[in-house]
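Before any comments, here is the structure.
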Amino acid sequence: MKQKFITFEGPEGSGKSTIMKTVLETMQNEGIDVIATREPGGINISEKIRDIILDVKNTEMDERTEALLYAAARRQHIVEVIWPALKKGQVVLCDRFIDSSLAYQGFGRKLGLDTVLAVNEFAIESKMPDMTIFIDIPPSVGLNRVFSNHRDVDRLDLESIQFHNRVYEGYKALIKKYPERIKVVDGTQSIEAVIKDTLTLINSLR
Ligand code: TMP
(Lines give C-alpha, C1' and ligand atoms only; values in the text may rest on other atoms or scores of the structure.)
Protein backbone atom coordinates (compact mmCIF):
# COMPACT_ATOMS: atom_id res chain seq x y z
CA MET A 1 0.00 0.00 0.00
CA LYS A 2 1.46 3.40 -0.85
CA GLN A 3 0.75 7.07 -0.52
CA LYS A 4 -2.64 6.87 1.15
CA PHE A 5 -4.14 9.52 3.36
CA ILE A 6 -6.65 7.99 5.80
CA THR A 7 -8.55 10.04 8.38
CA PHE A 8 -10.56 8.97 11.43
CA GLU A 9 -13.67 10.81 12.56
CA GLY A 10 -16.33 10.41 15.18
CA PRO A 11 -18.16 12.00 18.08
CA GLU A 12 -16.46 12.60 21.45
CA GLY A 13 -15.56 9.33 23.15
CA SER A 14 -15.91 7.22 19.99
CA GLY A 15 -12.61 5.45 20.77
CA LYS A 16 -10.89 6.78 17.62
CA SER A 17 -7.50 7.27 19.25
CA THR A 18 -7.35 3.74 20.71
CA ILE A 19 -8.53 2.26 17.41
CA MET A 20 -5.96 4.24 15.45
CA LYS A 21 -3.16 3.08 17.74
CA THR A 22 -3.96 -0.60 17.15
CA VAL A 23 -4.45 -0.05 13.41
CA LEU A 24 -1.04 1.67 13.27
CA GLU A 25 0.67 -1.20 15.09
CA THR A 26 -1.03 -3.81 12.90
CA MET A 27 0.02 -2.04 9.71
CA GLN A 28 3.58 -1.56 10.97
CA ASN A 29 3.77 -5.29 11.78
CA GLU A 30 2.74 -5.97 8.19
CA GLY A 31 5.75 -3.93 7.06
CA ILE A 32 3.73 -0.96 5.79
CA ASP A 33 5.51 2.41 5.96
CA VAL A 34 2.88 4.29 7.96
CA ILE A 35 2.70 7.27 10.33
CA ALA A 36 -0.03 8.44 12.70
CA THR A 37 -0.81 12.03 13.60
CA ARG A 38 -3.70 14.08 14.96
CA GLU A 39 -5.64 17.32 14.59
CA PRO A 40 -5.69 19.88 15.89
CA GLY A 41 -2.04 19.41 16.67
CA GLY A 42 0.63 16.98 15.64
CA ILE A 43 3.40 19.60 15.60
CA ASN A 44 4.62 22.53 17.68
CA ILE A 45 2.64 25.42 16.11
CA SER A 46 -0.57 23.39 15.75
CA GLU A 47 -0.35 22.01 19.31
CA LYS A 48 -0.11 25.62 20.55
CA ILE A 49 -3.20 26.54 18.52
CA ARG A 50 -4.92 23.42 19.95
CA ASP A 51 -4.23 24.63 23.49
CA ILE A 52 -5.84 28.02 22.71
CA ILE A 53 -8.91 26.46 21.08
CA LEU A 54 -9.55 23.81 23.71
CA ASP A 55 -8.73 25.83 26.86
CA VAL A 56 -11.89 25.73 29.00
CA LYS A 57 -11.12 29.31 30.12
CA ASN A 58 -11.49 30.71 26.58
CA THR A 59 -15.26 31.04 26.86
CA GLU A 60 -15.29 34.32 24.88
CA MET A 61 -14.01 32.70 21.67
CA ASP A 62 -16.08 33.68 18.64
CA GLU A 63 -17.17 30.75 16.44
CA ARG A 64 -15.55 32.17 13.29
CA THR A 65 -12.29 32.62 15.22
CA GLU A 66 -12.61 28.98 16.25
CA ALA A 67 -13.12 27.86 12.64
CA LEU A 68 -10.14 29.93 11.45
CA LEU A 69 -7.89 28.57 14.20
CA TYR A 70 -8.74 24.96 13.31
CA ALA A 71 -8.06 25.74 9.65
CA ALA A 72 -4.76 27.44 10.53
CA ALA A 73 -3.64 24.48 12.65
CA ARG A 74 -4.64 22.19 9.75
CA ARG A 75 -2.66 24.19 7.20
CA GLN A 76 0.55 24.06 9.23
CA HIS A 77 0.05 20.34 9.93
CA ILE A 78 -0.46 19.55 6.25
CA VAL A 79 2.61 21.50 5.18
CA GLU A 80 4.92 20.17 7.90
CA VAL A 81 3.71 16.58 8.29
CA ILE A 82 1.06 15.24 5.92
CA TRP A 83 2.25 16.32 2.49
CA PRO A 84 5.94 15.49 3.12
CA ALA A 85 4.99 12.00 4.37
CA LEU A 86 2.71 11.33 1.38
CA LYS A 87 5.43 12.59 -0.92
CA LYS A 88 7.81 10.03 0.61
CA GLY A 89 5.24 7.33 -0.19
CA GLN A 90 4.12 6.79 3.40
CA VAL A 91 0.59 5.97 4.49
CA VAL A 92 -0.75 8.72 6.80
CA LEU A 93 -3.34 8.00 9.49
CA CYS A 94 -4.82 11.18 10.93
CA ASP A 95 -7.07 11.49 13.99
CA ARG A 96 -9.63 14.08 12.75
CA PHE A 97 -9.32 16.32 9.68
CA ILE A 98 -11.56 18.59 7.57
CA ASP A 99 -14.76 16.64 8.34
CA SER A 100 -14.39 17.61 12.02
CA SER A 101 -14.50 21.29 11.02
CA LEU A 102 -17.45 20.69 8.70
CA ALA A 103 -19.37 18.81 11.43
CA TYR A 104 -18.37 20.82 14.54
CA GLN A 105 -18.08 24.35 13.14
CA GLY A 106 -20.39 23.94 10.13
CA PHE A 107 -23.23 22.15 11.92
CA GLY A 108 -22.44 22.31 15.67
CA ARG A 109 -21.70 26.07 15.58
CA LYS A 110 -24.18 26.59 12.71
CA LEU A 111 -21.65 28.42 10.50
CA GLY A 112 -22.88 26.38 7.54
CA LEU A 113 -21.19 23.68 5.51
CA ASP A 114 -20.30 25.88 2.53
CA THR A 115 -18.74 28.64 4.67
CA VAL A 116 -16.54 26.20 6.59
CA LEU A 117 -15.66 24.34 3.40
CA ALA A 118 -14.52 27.61 1.81
CA VAL A 119 -12.33 28.52 4.80
CA ASN A 120 -10.78 25.07 4.72
CA GLU A 121 -10.27 25.06 0.98
CA PHE A 122 -7.76 27.88 1.52
CA ALA A 123 -5.92 25.61 3.97
CA ILE A 124 -6.01 22.27 2.16
CA GLU A 125 -5.91 23.34 -1.51
CA SER A 126 -8.42 20.62 -2.52
CA LYS A 127 -6.30 17.73 -1.24
CA MET A 128 -8.91 15.59 0.50
CA PRO A 129 -8.29 12.25 2.28
CA ASP A 130 -8.39 9.04 0.22
CA MET A 131 -10.56 7.40 2.86
CA THR A 132 -12.29 8.57 6.03
CA ILE A 133 -13.38 6.09 8.70
CA PHE A 134 -16.35 7.36 10.71
CA ILE A 135 -16.66 5.58 14.07
CA ASP A 136 -20.39 5.72 14.64
CA ILE A 137 -21.68 6.01 18.20
CA PRO A 138 -24.57 8.12 19.51
CA PRO A 139 -23.25 11.37 21.06
CA SER A 140 -24.78 10.61 24.46
CA VAL A 141 -22.92 7.27 24.67
CA GLY A 142 -19.62 8.91 23.70
CA LEU A 143 -20.00 11.78 26.14
CA ASN A 144 -20.79 9.35 28.96
CA ARG A 145 -17.52 7.57 28.19
CA VAL A 146 -15.59 10.87 28.25
CA PHE A 147 -17.06 11.98 31.56
CA SER A 148 -16.98 8.59 33.27
CA ASN A 149 -13.48 7.50 32.43
CA HIS A 150 -10.43 8.35 30.56
CA ARG A 151 -9.45 11.85 29.69
CA ASP A 152 -9.38 15.55 30.53
CA VAL A 153 -12.52 17.40 29.58
CA ASP A 154 -11.96 20.22 27.03
CA ARG A 155 -13.95 23.31 25.97
CA LEU A 156 -15.86 21.45 23.25
CA ASP A 157 -16.75 18.48 25.47
CA LEU A 158 -18.51 21.01 27.71
CA GLU A 159 -20.91 22.11 24.96
CA SER A 160 -24.59 21.15 25.31
CA ILE A 161 -25.97 17.80 24.19
CA GLN A 162 -27.87 19.79 21.52
CA PHE A 163 -24.52 20.97 20.12
CA HIS A 164 -23.18 17.39 20.03
CA ASN A 165 -26.39 16.14 18.42
CA ARG A 166 -26.01 18.77 15.67
CA VAL A 167 -22.40 17.64 15.16
CA TYR A 168 -23.63 14.05 14.80
CA GLU A 169 -26.32 15.08 12.29
CA GLY A 170 -23.57 16.99 10.48
CA TYR A 171 -21.51 13.83 10.16
CA LYS A 172 -24.57 12.01 8.80
CA ALA A 173 -24.97 14.75 6.16
CA LEU A 174 -21.29 14.44 5.25
CA ILE A 175 -21.61 10.66 4.83
CA LYS A 176 -24.40 11.34 2.32
CA LYS A 177 -22.36 14.05 0.56
CA TYR A 178 -19.14 11.98 0.29
CA PRO A 179 -20.31 8.33 0.10
CA GLU A 180 -17.23 7.20 -1.83
CA ARG A 181 -14.80 8.60 0.70
CA ILE A 182 -16.47 8.28 4.12
CA LYS A 183 -16.95 4.72 5.41
CA VAL A 184 -18.96 4.00 8.55
CA VAL A 185 -17.91 1.56 11.29
CA ASP A 186 -20.34 0.66 14.09
CA GLY A 187 -18.55 2.01 17.18
CA THR A 188 -20.95 0.39 19.63
CA GLN A 189 -19.45 -3.07 18.92
CA SER A 190 -16.56 -4.56 20.94
CA ILE A 191 -13.25 -2.78 20.35
CA GLU A 192 -11.93 -5.93 18.61
CA ALA A 193 -14.83 -5.88 16.14
CA VAL A 194 -14.39 -2.14 15.49
CA ILE A 195 -10.68 -2.65 14.75
CA LYS A 196 -11.39 -5.64 12.50
CA ASP A 197 -13.96 -3.68 10.45
CA THR A 198 -11.60 -0.71 10.21
CA LEU A 199 -8.71 -2.86 8.96
CA THR A 200 -10.97 -4.52 6.38
CA LEU A 201 -11.90 -1.10 4.99
CA ILE A 202 -8.29 0.09 4.92
CA ASN A 203 -7.15 -3.12 3.21
CA SER A 204 -9.73 -2.50 0.48
CA LEU A 205 -7.63 0.51 -0.55
CA ARG A 206 -4.70 -1.65 -1.68
P1 TMP B 1 -10.10 15.29 20.08
O2 TMP B 1 -10.83 15.28 21.39
O3 TMP B 1 -10.52 14.22 19.12
O4 TMP B 1 -8.60 15.39 20.25
O5 TMP B 1 -10.52 16.64 19.33
C6 TMP B 1 -10.49 17.85 19.97
C7 TMP B 1 -11.78 18.59 19.87
O8 TMP B 1 -11.73 19.52 18.77
C9 TMP B 1 -13.02 17.74 19.65
O10 TMP B 1 -14.03 18.25 20.50
C11 TMP B 1 -13.39 18.00 18.21
C12 TMP B 1 -12.91 19.40 17.99
N13 TMP B 1 -12.59 19.75 16.61
C14 TMP B 1 -13.36 20.71 15.95
O15 TMP B 1 -14.32 21.23 16.51
N16 TMP B 1 -13.01 21.06 14.68
C17 TMP B 1 -11.92 20.54 14.04
O18 TMP B 1 -11.64 20.88 12.88
C19 TMP B 1 -11.14 19.53 14.74
C20 TMP B 1 -9.95 18.93 14.07
C21 TMP B 1 -11.51 19.19 16.01
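What is the log10 of I(q)/I(0) for the stretch 100-206, computed with the Debye formula using one identical point scatterer on each Cα and no solvent, at q = 0.10, 0.12, 0.24 Å⁻¹? The Debye formula, applied to the Cα set alone, gives -0.33, -0.48, -1.34.
Split the accessible area of the chain by element, probe 1.4 Å, and carbon with sulfur accounts for 53%.
Within 10 Å of each candidate Cβ there may be at most 15 other Cβ atoms; applying that plus a DSSP loop requirement, which GluC sites (Glu not before Pro) in the stretch 126-181 survive?
Numbers: sites: 159, 169, 180; in loops: 159, 180.
Hits after loop and neighbour filter: 180.
Direction-averaged shadow area of the convex hull around the Cα atoms of the stretch 5-203, nm²? Before the final figure, lay out the partial values.
Working: hull surface 41.9 nm².
For the stretch 5-203, the mean projected area of the Cα convex hull comes to 10.5 nm².
Note on the chain: dipole from Cβ charges, positive end direction compared against 162, 24, 131; the farthest Cα belongs to 131.
Placing +1 at every Lys and Arg Cβ and -1 at every Asp and Glu Cβ, with all other atoms neutral, what dipole size does the stretch 54-130 have around its Cα centre, in debye to the nearest 20? Write down the numbers at each step before the final one.
Working: 10 positive and 12 negative charges, 42 e Å.
Charge dipole of the stretch 54-130: 200 debye, to the nearest 20.
By the rule of a C-alpha distance below 23 Å, with chain neighbours fewer than 8 residues away ignored, the lysines paired with residue 127 are 2, 4, 16, 87, 88, 172, 176, 177, 183.
Once you charge only the Cβ atoms, +1 for Lys and Arg and -1 for Asp and Glu, what is the size of the charge dipole of the stretch 87-169 about its Cα centre, to the nearest 20 debye?
Numbers: 10 positive and 12 negative charges, 31 e Å.
With Lys and Arg at +1 and Asp and Glu at -1, about 140 debye.
Sparsely packed loop sites in the stretch 34-133 (the GluC sites (Glu not before Pro) outside DSSP H, G, I, E and B with at most 16 other Cβ atoms within 10 Å) comprise 60, 125. Note on the stretch 5-203: with charges restricted to the Cβ of Lys and Arg (+1) and Asp and Glu (-1), its dipole about the Cα centre is near 200 debye. For the stretch 21-62, the set of trypsin sites (Lys or Arg not before Pro) satisfying both a DSSP loop assignment and a count of at most 10 other C-beta atoms within 10 Å is given as 57.
The values are calculated or read from the model by the stated rules, or taken from the named source; none is laboratory data. Source: prediction; values computed, not measured. Counting neighbours? That spans all protein chains shown, and the Cβs are built from the backbone with ideal geometry, glycine included. For accessibility, only protein heavy atoms count, side chains too; no ligands or nucleic acids. Shrake-Rupley method; radii C 1.70, N 1.55, O 1.52, S 1.80 Å.
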